[in-house]
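All remarks here apply to the structure that follows.
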Amino acid sequence: MLRRRLLSVFLLYAIFIPSVALAQTSASIPAAPTVKSYAAPKEVIDKIKEEGLKNSQVMQTLSYLTDVIGARLTGSPALKRANEWTRDTMTKWGMQNAHLEAWGPFGRGWTLKNFDAQVVAPYDIPLIAYPKAWSPSTKGVITADVVYFNPKTDADYEKYKGQLKGKIVLVSDPREVKANFEAMGSRRTDEELAKMLNAPNPADVQRPQQPLATPEQMQQRIQAFLQSTKRINFLMQEGAAVLVDNSRGGSGGTIFVQGATVSQTIPQNATMDFTALRRSFLQPQQKEAEAKMIPQMTLATEHYNRLVRMINQDEKLRMTVDIAAEYNDSDPMAYNTVAEIPGSDPKLKDELVMLGGHIDSWHAGTGATDNAAGVAVAMEAARIIQAAGLKPRRTIRVALWSGEEQGLFGSSNYVAQHFGEMKGGGNAAMPATAAGGGQQAKPELVKGADYEKLSAYYNLDNGTGKIRGVYLQGNAMVAPIFKTWLEPFKDMGAATTTLSNTGGTDHLSFDRIGLPGFQFIQDEIEYDTRTHHSNQDVFDRIQADDMKQAAIIMAAFVYQTAMMDDKLPRKAMK
């Protein structure tokens with residue numbers, strides 16, 4: 001999942017956007033649906049449950065994706081293998097038109113071939129660490145002094161001049177690690193679900209009329225970016241050998257690792273708007289970025305903190321690091337996997353119901369909760385419908401997206417190619433706060449050939465937790481329909497609909513152009529505390545019973561959507 005914010009690129013440069021307080025009104029009462037609904041007979045729901053519980057293949061699918069194929073960084077050979085394996089598996093299950101759809105160009109792939117890091121003097125200290133994605137390789141095995149780089153003023157930079165060439169440089173502040181007195185895993189409480197149930201329609205929330213960011217705030221963000229860029233540029237100019245940062249969270253050996261930091265050219269016009277500044281960012285997967293990166297890795301916090309404390313007490317440290325990575329430039333495109341269960345109704349078979357999740361992952365773990373879980377559930381939901389002998393009236397299409405972690409690229413490109421896109425008015429994929437604040441021209445929807453054919457898209461990308469309900473994305477008209485569809489699953493823990501929006505994943509590519517796109521509410525389990533983008537995102541953190549439950553509910557939602565006389569109602573475009 002794309003960190004639920006669509007702003008991860010800014011975190012590389014410590015640019016924090018202030019939150020905006022929103023006045024809330026009472027929850028909107030869902031309007032009566034303007035379409036004729038459909039509820040599957042009990043015997044059909046029972047058949048879906050039986051197939052999903054007795055003959056489930058969701059964990060076998062998950063194990064192959066994570067244990068066998070492993071991490072699936074966008075652009076990597078491993079992701080291409082996962083694309084092809086999921087295509088072939090769904091074909092074996094009897095689905096039709098299974099194929100890969102290209103989008104891009106994305107950039108180069110990256111594969112880690114070998115890695116080792118440890119302190120070797122004054123004595124040996126094995127380290128828990130992992131290279132950052134798209135980091136260049138070291139020039140063989142490097143053994144060098146360790147320096148803590150922590151400039152606060154321009155004068156501090158002068159102190160480091162001539163001191164960093166060939167050194168292994170610690171670039172983060174230490175991070176306090178507190179004892180965990182609460183469980184790392186959790187499920188949503190009845191009180192939390194009740195609050196979600198009574199949440200107001202986002203369309204009714206009164207938003208401030210003033211610009212979302214003042215000129216002063218924009219300049220603060222720009223200056224923060226410029227200072228971060230100054231630091232990385234200084235390290236490159238001084239010839240640092242390896243950059244080491246502290247894990248942003250986690251403890252007990254859990255490391256959160258994402259992409260490498262790229263040195264950026266500082267624009268001559270430092271007062272430029274933030275949108276223009278953001279568009280100038282060079283991304284690590286771009287070939288030309290290799291020359292603007294130092295080999296870099298992330299260290300477990302307990303180990304990082306210890307090294308800083310030792311250096312601050314005048315201990316001289318030496319470390320050995322070997323990063324051997326391979327770039328793949330043979331194919332700059334990335335791919336989504338797509339497969340179908342054809343519709344059976346001659347009048348409706350050209351219409352679509354879609355389901356899916358993103359198949360790409362970060363690289364330190366094996367991408368189990370983020371998001372082999374969603375991929376396996378979507379595939380299993382389609383398999384259940386197929387194996388149960390059900391004949392949906394509309395065509396059901398599974399889509400497994402790539403490039404989600406870098407910006408919803410796979411789904412947004414697919415939606416633009418098939419359904420339409422917003423044009424004009426700045427970058428519709430970014431929230432106004434990220435795009436520079438202030439008022440922008442309203443973008444215009446340009447519909448694609450299949451815009452009127454889609455009934456709904458259902459997404460799963462919140463980890464391994466069971467489904468507890470559905471985010472309605474402010475679409476009050478679907479609330480009565482979804483409440484009816486959840487009724488048979490109350491005993492499985494799913495009963496909540498909320499008008500609230502949720503962000504950071506692929507349903508947004510549909511929602512932003514006015515198409516019904518939904519993400520299911522899930523139990524948190526250990527998603528934010530342990531697994532999301534970390535080295536602990538592995539098969540053993542998956543909850544098998546939750547995955548079976550989620551696949552059953554997704555199958556029921558998709559099938560019933562495909563059986564309705566009408567498409568699901570659409571909310572009005574703003």
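The values are calculated or read from the model by the stated rules, or taken from the named source; none is laboratory data. Since the structure is predicted, the reported quantities are computational estimates derived from the model, not experimental observations. Note that we place each Cβ from the backbone using ideal geometry, even for glycine, and neighbour counts take in every protein chain shown.
Of the conditions (1) surrounded by fewer than 23 Cβ atoms within 10 Å (Cβ to Cβ); (2) of a type outside the set (Lys, Arg); (3) over 30 Å from LYS466 (Cα atoms), LEU390 fails just one. Which one is it?
(3)
Yes/no per residue for (1) at pLDDT 95 or above; (2) surrounded by fewer than 17 Cβ atoms within 10 Å (Cβ to Cβ); (3) charged (D, E, K, R); (4) more than 26 Å from GLN417 (Cβ to Cβ):
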site: ALA441; (1), (2), (3), (4): no, yes, no, no
site: VAL446; (1), (2), (3), (4): yes, yes, no, no
site: VAL470; (1), (2), (3), (4): yes, no, no, yes
site: THR498; (1), (2), (3), (4): yes, no, no, yes
site: THR502; (1), (2), (3), (4): no, no, no, no
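Filter the stretch 371-415 down to residues that are farther than 18 Å from LEU65 by Cβ and not in a helix (DSSP H, G or I), then give me how many there are.
13
For THR91, are the conditions met, namely being over 19 Å from the mean Cα position of the chain (by Cα) and β-branched (Val, Ile, Thr)? Spell out how you get there, then give the answer.
On the way: over 19 Å from the mean Cα position of the chain (by Cα): yes; β-branched (Val, Ile, Thr): yes.
Judged against the criteria, THR91 is a match.
So in the stretch 558-574, with the set limited to residues that are surrounded by fewer than 24 Cβ atoms within 10 Å (Cβ to Cβ) and not aliphatic (A, V, I, L, M), which one is farthest from ASP491 (Cα to Cα)?
LYS574
The rows are residues; the columns are (1) of a type outside the set (Asp, Glu); (2) at pLDDT 95 or above; (3) in a helix (DSSP H, G or I).
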{"site": "ARG5", "(1), (2), (3)": "yes, no, no"}
{"site": "VAL20", "(1), (2), (3)": "yes, no, no"}
{"site": "GLU43", "(1), (2), (3)": "no, yes, yes"}
{"site": "LYS47", "(1), (2), (3)": "yes, yes, yes"}
{"site": "MET59", "(1), (2), (3)": "yes, yes, yes"}
{"site": "SER63", "(1), (2), (3)": "yes, yes, yes"}
{"site": "ASP67", "(1), (2), (3)": "no, yes, yes"}
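Within the stretch 279-324, work out how many residues are farther than 20 Å from TRP362 by Cα, of a type outside the set (A, V, I, L, M, F, W, C), in contact with a strand residue (DSSP E or B) (Cβ under 6 Å, 6 or more places away or on another chain) and not in a helix (DSSP H, G or I). Talk me through it step by step, then tell me what you get.
Just the residues of the stretch 279-324 that are farther than 20 Å from TRP362 by Cα, to begin with: 279-281, 288, 291-292, 302-322.
Remaining after also requiring of a type outside the set (A, V, I, L, M, F, W, C): 279-280, 288, 292, 302-306, 309, 312-316, 318, 320, 322.
With the extra rule that they be in contact with a strand residue (DSSP E or B) (Cβ under 6 Å, 6 or more places away or on another chain), the set shrinks to 304, 318, 320, 322.
Filter once more, keeping what is not in a helix (DSSP H, G or I): 318, 320, 322.
Count: 3.
Residues checked against (1) over 30 Å from GLU326 (Cβ atoms); (2) in a helix (DSSP H, G or I); (3) not polar (S, T, N, Q):
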site	(1), (2), (3)
THR138	no, no, no
PRO151	yes, no, yes
VAL169	no, no, yes
ASP173	yes, no, yes
ARG188	yes, no, yes
GLU216	yes, yes, yes
ALA224	yes, yes, yes
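Just to be sure before I move on: is VAL120 at pLDDT 95 or above, under 30 Å from MET297 (Cα atoms), loosely packed, with under 14 Cβ neighbours inside 10 Å and not assigned by TED's automatic domain parsing to the domain that holds ALA300 in the structure I sent? Explain how you work it out, then say what you get.
On the way: at pLDDT 95 or above: yes; under 30 Å from MET297 (Cα atoms): yes; loosely packed, with under 14 Cβ neighbours inside 10 Å: yes; not assigned by TED's automatic domain parsing to the domain that holds ALA300: no.
For VAL120, the condition - at pLDDT 95 or above, under 30 Å from MET297 (Cα atoms), loosely packed, with under 14 Cβ neighbours inside 10 Å and not assigned by TED's automatic domain parsing to the domain that holds ALA300 - is not met.
Out of ASP350, ASP345, ASP360, report the one residue that is assigned to a loop (DSSP other than H, G, I, E, B), surrounded by 24 or more Cβ atoms within 10 Å (Cβ to Cβ), touching a residue at least 40 places away in the same chain (Cβ under 8 Å) and not polar (S, T, N, Q).
Numbers: ASP350 fails: surrounded by 24 or more Cβ atoms within 10 Å (Cβ to Cβ); ASP345 fails: surrounded by 24 or more Cβ atoms within 10 Å (Cβ to Cβ).
None of the other options fit; the residue is ASP360.
Please go through the stretch 158-200 and give me each residue that is surrounded by 15 or more Cβ atoms within 10 Å (Cβ to Cβ), modelled with pLDDT of 95 or more and farther than 30 Å from THR254 by Cβ, ordered by number.
Residue satisfying the conditions is TYR160 alone.
Being among the aromatic types (Phe, Trp, Tyr), in contact with a helix residue (DSSP H, G or I) (Cβ under 8 Å, 6 or more places away or on another chain) and more than 24 Å from VAL257 (Cα to Cα): is that true of TYR527 here?
On the way: among the aromatic types (Phe, Trp, Tyr): yes; in contact with a helix residue (DSSP H, G or I) (Cβ under 8 Å, 6 or more places away or on another chain): yes; more than 24 Å from VAL257 (Cα to Cα): no.
Judged against the criteria, TYR527 is not a match.
Okay, residues lined up against (1) within 22 Å of the chain's Cα centre (by Cα); (2) outside the structural domain of PHE419 (by TED's automatic domain parsing); (3) of a type in the set (Val, Ile, Thr):
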position	(1), (2), (3)
VAL470	yes, no, yes
GLY474	yes, no, no
ARG512	yes, no, no
ASN535	yes, no, no
ALA544	yes, no, no
ALA572	no, yes, no
